[in-house]
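Peer 1: Before we start, here is the structure in question, set down as structure tokens.
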Amino acid sequence: MWKKHTPEIETREPHLVNGMPWPRLPKGEYDKVPLQEEYRHYSMDYLDSAEAKPIFEAQADYIMKHGHKTLVDIGCRHGPVNDILFERGYIDEDYHYFGFDTSTESIHYAQEVWKEFPNITYRVGTYKFVDECLGEGDVYNEPNVPEDYKVDFEVDCIIWSGVLLYEPTKHQKYFQDIQIAYGARHAIIQEPMQDQRIWREGLELNTIARYVQLHYKNKYHAYEDTVTDCDIFSGRRLIAHITCHREMGRRANSWFKHFMYGLMCGPMFKIKSDAPSIRYTDDGEKMVPYIWQGKVNPRLTYLELERCRNALDLMDHERYEHRLGDNYNAKGLHLDKMLLYNFVFTSDDQVMFGSGAQWDGNAVRVFSRYFAFEQFKTDGKNLLEKVDKWSELIWTIQMLESRGWNKLIYWSRDKSPKFFERLKRANPTGPISDWHIHPDKINIIYPNNKQYIFYTGDINEILHNRK
């Protein structure tokens, strides 16, 4: 296992007032606690005292309670929460952490402490980087992406370590913009409470804690908090855990549609070279692979993404006339379980249908969550023809074969298998001409989900342990 280091850094004797750890406040007369972006490591060492440890233990408690393994820590100093998680044995190969702070000295110290840990990174920086993203981006043009703040992992949770109070009027805007930019659904906010047991008379406290407890709590999906009361200066601290939105639903959709969503994180940077690009048919139709391995395809342009998202909105509107309408809302589509989900458009960008390729063990189900849009539905007389002349299926199979994911490819149907029989007779030379029909219903993908299947490949891939 990797080893922590203990580098040298300039320290001073603990600064105590009435026997309690206290920050090294600058001399002079002032009404509010001075907010300094650049500061010496020792100037905030009261937060490294044993008395202050419950603040960071509360953060670690939320991290472990919710199983957060991928973190961005804003205003991290030297990342004391990592020390606690390390003590508890929580830091392993699945743990990824990126912390940044304006204190150069604290960041350099942390870089030395954790230099053996490949998944822990510290950098000097400020959350104002998001202004650069907003300054040039929109849904049609590539936004500006500050490279120094990118991470190569999906971000589950962002820790806001006493930094939102630096923006007393715009803190919630910065909070939401950065949560969206990292695609993070969860947050931990640490802020001083308004009422303090240990304080200096005549000094006004900078705090947004009450706003967090009221507005953040009411705005976002789930909220829980705890309040510490440590024997240090400003020891009453709010530690709030926030879930910004449900996994699916209207609010989640509004985040996903934002042009900055997931801009700063991966694993899109890792899989981009392997992800497919759009493909045109001989008739000028365009096949757009919207989902790749359960994620939005990072190869698509913002214009293509917008067209796919508009197709999802139209699907949600038209699904109510569908026999299995609940399969085509944001939750029912199961896009996170799709190896591939394609939208097919006409040459003038009218969406024709959506179709998925879904993992089922070592097998892949094609035409998963297939949805034909109203304008392109057949009139009932032409059920055995495909509006795209089978182009989407042919292309999907090519991609599966090129990656060795073709042990068993199947198409399923909950009603009679006679449709597949008629389909074979109507297409004696097409891409399904050598497919087979299994005579019995087989349980696929989900419990108690028996269907007839039409397949190519080794049927034992799906018969094994199935009833």
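Peer 1: Would you be able to say whether some residue in the range 445-466 is over 35 Å from the mean Cα position of the chain (by Cα), loosely packed, with under 12 Cβ neighbours inside 10 Å and in a loop (DSSP other than H, G, I, E, B)?
Peer 2: No, the conditions are met nowhere in the range 445-466.
Yes/no matrix, rows are residues, columns are (1) of a type in the set (K, R); (2) under 19 Å from G361 (Cβ atoms):
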| residue | (1), (2) |
| --- | --- |
| N406 | no, yes |
| I409 | no, yes |
| K415 | yes, no |
| F420 | no, no |
| K424 | yes, no |
| P428 | no, no |
| P439 | no, no |
| P447 | no, yes |
| Q451 | no, yes |
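Peer 1: Please specify each residue of the range 332-345 satisfying the condition of being in contact (Cβ under 8 Å) with a residue 40 or more places away in the chain and under 17 Å from W292 (Cα atoms).
Peer 2: L335, D336, K337, M338, L339, L340, Y341, N342, F343, V344
Peer 1: Filter the range 235-248 for residues that are surrounded by fewer than 18 Cβ atoms within 10 Å (Cβ to Cβ) and either over 15 Å from the mean Cα position of the chain (by Cα) or outside any loop (DSSP other than H, G, I, E, B) (or both) and give the result.
Peer 2: T243 - this is the single residue of the range 235-248 that is surrounded by fewer than 18 Cβ atoms within 10 Å (Cβ to Cβ) and either over 15 Å from the mean Cα position of the chain (by Cα) or outside any loop (DSSP other than H, G, I, E, B) (or both).
Peer 1: Filter the range 388-436 down to residues that are closer than 15 Å to Y452 by Cβ, hydrophobic (A, V, I, L, M, F, W, C), in a helix (DSSP H, G or I) and in contact with a strand residue (DSSP E or B) (Cβ under 7 Å, 6 or more places away or on another chain), then give me how many there are.
Peer 2: Residues meeting the conditions: 2.
Peer 1: Considering only residues that are under 19 Å from Y182 (Cα atoms) and of a type in the set (D, E, K, R), which ones fall in the range 220-249?
Peer 2: Matches in the range 220-249: R246, E247.
Peer 1: Here's something else I'd like to know. Output the residues belonging to the range 84-104 that are touching a residue at least 24 places away in the same chain (Cβ under 8 Å) and part of a helix (DSSP H, G or I).
Peer 2: Matches in the range 84-104: I84, L85, F86, T104.
Peer 1: Run down T228, T207 and say which single residue is surrounded by 17 or more Cβ atoms within 10 Å (Cβ to Cβ), under 26 Å from P14 (Cα atoms) and at pLDDT below 95.
Peer 2: T207
Peer 1: Return only the number of the condition from (1) exposed (fewer than 15 other Cβ atoms within 10 Å of the Cβ); (2) under 30 Å from Q194 (Cβ atoms); (3) at pLDDT 80 or above that R251 does not satisfy.
Peer 2: In the conditions (1) exposed (fewer than 15 other Cβ atoms within 10 Å of the Cβ); (2) under 30 Å from Q194 (Cβ atoms); (3) at pLDDT 80 or above, R251 misses (3) alone.
One line per residue, one yes/no per condition, for (1) among the acidic types (D, E); (2) touching a strand residue (DSSP E or B) at 6+ places or on another chain (Cβ under 6 Å); (3) under 20 Å from T346 (Cα atoms); (4) modelled with pLDDT of 80 or more:
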residue	(1), (2), (3), (4)
I278	no, yes, yes, yes
G284	no, no, yes, yes
Y290	no, yes, yes, yes
Y302	no, no, yes, no
E306	yes, no, yes, yes
R309	no, no, yes, yes
L312	no, no, yes, yes
M315	no, yes, yes, yes
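Peer 1: Can you name the condition, by its number, that E224 falls short on among (1) in a strand (DSSP E or B); (2) outside the structural domain of K150 (by TED's automatic domain parsing)?
Peer 2: (2)
Peer 1: Has the range 258-269 got any residue that is assigned to a loop (DSSP other than H, G, I, E, B) and small (G, A, S)?
Peer 2: yes
Peer 1: I178 - would you say it is in a strand (DSSP E or B) and modelled with pLDDT of 90 or more?
Peer 2: no
Peer 1: Do we find a residue being of a type in the set (A, V, I, L, M, F, W, C), in the same structural domain as F367 (by TED's automatic domain parsing), surrounded by 14 or more Cβ atoms within 10 Å (Cβ to Cβ) and in a helix (DSSP H, G or I) anywhere in the range 280-291?
Peer 2: No, because not a single residue in the range 280-291 is of a type in the set (A, V, I, L, M, F, W, C), in the same structural domain as F367 (by TED's automatic domain parsing), surrounded by 14 or more Cβ atoms within 10 Å (Cβ to Cβ) and in a helix (DSSP H, G or I).
Peer 1: Another question, if that's okay. Name the residues in the range 108-128 that are farther than 14 Å from I74 by Cα, of a type in the set (S, T, N, Q) and in contact (Cβ under 8 Å) with a residue 24 or more places away in the chain, would you?
Peer 2: Across the range 108-128, the qualifying residue is only N119.
Peer 1: Let me ask something else about it. Of a type in the set (A, V, I, L, M), surrounded by fewer than 19 Cβ atoms within 10 Å (Cβ to Cβ) and free of Cβ contacts under 8 Å to residues at least 12 places away in the same chain: which single residue out of L324, L303, L314 fits that description?
Peer 2: L324
Peer 1: Then there is this: Scan the range 422-467 residue by residue and report those that are farther than 23 Å from G332 by Cβ and among the β-branched types (V, I, T).
Peer 2: Once the filter is applied, which keeps residues that are farther than 23 Å from G332 by Cβ and among the β-branched types (V, I, T), the range 422-467 yields T429, I432, I437, T456, I459.
Peer 1: May I pose another question? Here are some conditions: (1) in a loop (DSSP other than H, G, I, E, B); (2) loosely packed, with under 15 Cβ neighbours inside 10 Å; (3) modelled with pLDDT of 85 or more. G202 meets all but one. Which one does it not meet?
Peer 2: (3)
Peer 1: Separate question: Return the residue satisfying two criteria in turn: it lies in the range 108-138 and is modelled with pLDDT under 85 and of a type in the set (D, E, K, R), and of such residues it is farthest from E167 (Cα to Cα).
Peer 2: Ranking the qualifying residues of the range 108-138, first place goes to D138.
Peer 1: Can you tell me which residue within the range 155-175, out of those that are in a helix (DSSP H, G or I) and out of contact with any helix residue (DSSP H, G or I) (no Cβ under 8 Å at 6 or more places or on another chain), is farthest from H245 (Cα to Cα)?
Peer 2: Checking each candidate, the answer is Y166.
Peer 1: Being farther than 29 Å from G99 by Cα, part of a strand (DSSP E or B) and under 19 Å from the mean Cα position of the chain (by Cα) narrows it down to one of L339, L305, L333, so name that one.
Peer 2: One residue alone meets the criteria, L339.
Peer 1: Sticking with this structure for a sec: Quick one: which of I432, I445, I409, I437 is in the same structural domain as S347 (by TED's automatic domain parsing), touching an Asp or Glu at 6+ places or on another chain (Cβ under 6 Å) and closer than 24 Å to L324 by Cβ?
Peer 2: I445
The values are calculated or read from the model by the stated rules, or taken from the named source; none is laboratory data. Computed from a prediction, not measured in an experiment: that's the story for all the values here. For neighbour counting, all protein chains shown are included, and Cβ atoms are generated from backbone atoms with ideal geometry for every residue, glycine included.
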